[in-house]
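Engineer: First, the structure itself, so that you have it in front of you.
What follows is calculated from the coordinates using simple rules that are stated; it is not laboratory data. Model, not experiment: these values are computed from the prediction. For neighbour counting, all protein chains shown are included, and Cβ atoms are generated from backbone atoms with ideal geometry for every residue, glycine included.
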Amino acid sequence: AQSVTQPDIHITVSEGASLELRCNYSYGATPYLFWYVQSPGQGLQLLLKYFSGDTLVQGIKGFEAEFKRSQSSFNLRKPSVHWSDAAEYFCAVGARPGGTSYGKLTFGQGTILTVHP
Amino acid sequence: GAGVSQSPSNKVTEKGKDVELRCDPISGHTALYWYRQSLGQGLEFLIYFQGNSAPDKSGLPSDRFSAERTGGSVSTLTIQRTQQEDSAVYLCASSLGGKTQYFGPGTRLLVL
């Protein structure tokens, strides 16, 4: 069964500092990989996704993520955090067509980001 | 707007009552998904529709939960005889090709 681990429940950074949120997954092959962000009382907004090809993917709001097959990781990064980035971030994996879990996303537990001025 | 919409946005009900939650997917999206988000369990998959059929119902927690989709568009998630542990945010998502899921704002359900 696929699983996702986000080791950091809560991260605090200063505005303007760099950010890296960790995500590790367990899956039999290379899954589809996603990062979503959720502000309080809101739904999930897609930040970026990886399907294949270039392992460094760019997303919205200045975020990027790097897929590392050898480490089963898909860490999210941003060079300079803004106060408006404070939110909860979710990493998710999805099975490719033909996979037994195709159609559903499996999410990590989320990382809450606090930004200090 | 052109996004996924859900109604109601908030629902308070009494234990034992039935509730219906509605999801309107993005126009033209063939796949529709329901998830539940609760403090103790995080984000959990409930059910997935491709067109009007549900190839994967594996996440429905009990037979009190059911869902249907009509006309390849709107979906309704029904919870019968609600229990306090059903209190959660119910999120709906839709997808065009089955790869990327776009989420609605959710329905916050509170069972008293």
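Engineer: Can we say B:GLY28 is at positive phi and within 11 Å of another protein chain (Cβ to nearest Cβ)?
Structural biologist: no
Engineer: Looking at segment B:4-25, which of its residues are assigned to a loop (DSSP other than H, G, I, E, B) and exposed (fewer than 14 other Cβ atoms within 10 Å of the Cβ)?
Structural biologist: Answer for segment B:4-25, where residues must be assigned to a loop (DSSP other than H, G, I, E, B) and exposed (fewer than 14 other Cβ atoms within 10 Å of the Cβ): B:PRO8, B:SER9, B:GLU14, B:LYS15, B:GLY16, B:LYS17, B:ASP18.
Engineer: Aromatic (Phe, Trp, Tyr) and closer than 24 Å to A:CYS91 by Cα, is that true of B:PHE65?
Structural biologist: It is false that B:PHE65 is aromatic (Phe, Trp, Tyr) and closer than 24 Å to A:CYS91 by Cα.
Engineer: What pairs can you find where one residue is in segment A:56-82 and surrounded by 14 or more Cβ atoms within 10 Å (Cβ to Cβ), the other is assigned to a loop (DSSP other than H, G, I, E, B) and basic (Lys, Arg), and their Cβ atoms are less than 8 Å apart, with a gap of 6+ or different chains?
Structural biologist: A:SER73/A:ARG22; A:ASN75/A:ARG22
Engineer: Another one. So the check is Cβ under 7 Å with 6+ separation or different chains; which pairs have a first residue in segment B:20-38 that's more than 14 Å from B:THR76 (Cβ to Cβ) and in contact (Cβ under 8 Å) with a residue 24 or more places away in the chain and a second one that's assigned to a strand (DSSP E or B) and among the β-branched types (Val, Ile, Thr)?
Structural biologist: If the second residue must be assigned to a strand (DSSP E or B) and among the β-branched types (Val, Ile, Thr), the pairs left are B:GLN37/B:VAL89.
Engineer: When the residues of segment A:86-104 are filtered to those that are more than 9 Å from chain B (Cβ to nearest Cβ) and farther than 15 Å from A:SER3 by Cα, which remaining residue is surrounded by the fewest Cβ atoms within 10 Å (Cβ to Cβ)?
Structural biologist: This residue is A:GLY98.
Engineer: Looking only at residues in segment B:72-112 that are outside any strand (DSSP E or B), more than 13 Å from the chain's Cα centre (by Cα) and within 14 Å of chain A (Cβ to nearest Cβ), which one is surrounded by the fewest Cβ atoms within 10 Å (Cβ to Cβ)?
Structural biologist: So the residue we want is B:GLY97.
Engineer: Which of the following residues is crowded, with 16+ Cβ neighbours inside 10 Å and more than 28 Å from B:VAL4 (Cα to Cα): A:LEU113, A:LEU46, A:LEU19?
Structural biologist: A:LEU19
A quick yes/no check of all residues on (1) over 14 Å from the mean Cα position of the chain (by Cα); (2) basic (Lys, Arg); (3) away from chain B (no Cβ under 12 Å):
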{"residue": "A:PHE34", "(1), (2), (3)": "no, no, no"}
{"residue": "A:GLN42", "(1), (2), (3)": "yes, no, no"}
{"residue": "A:LEU46", "(1), (2), (3)": "no, no, no"}
{"residue": "A:PHE51", "(1), (2), (3)": "no, no, no"}
{"residue": "A:ARG77", "(1), (2), (3)": "no, yes, yes"}
{"residue": "A:HIS82", "(1), (2), (3)": "yes, no, yes"}
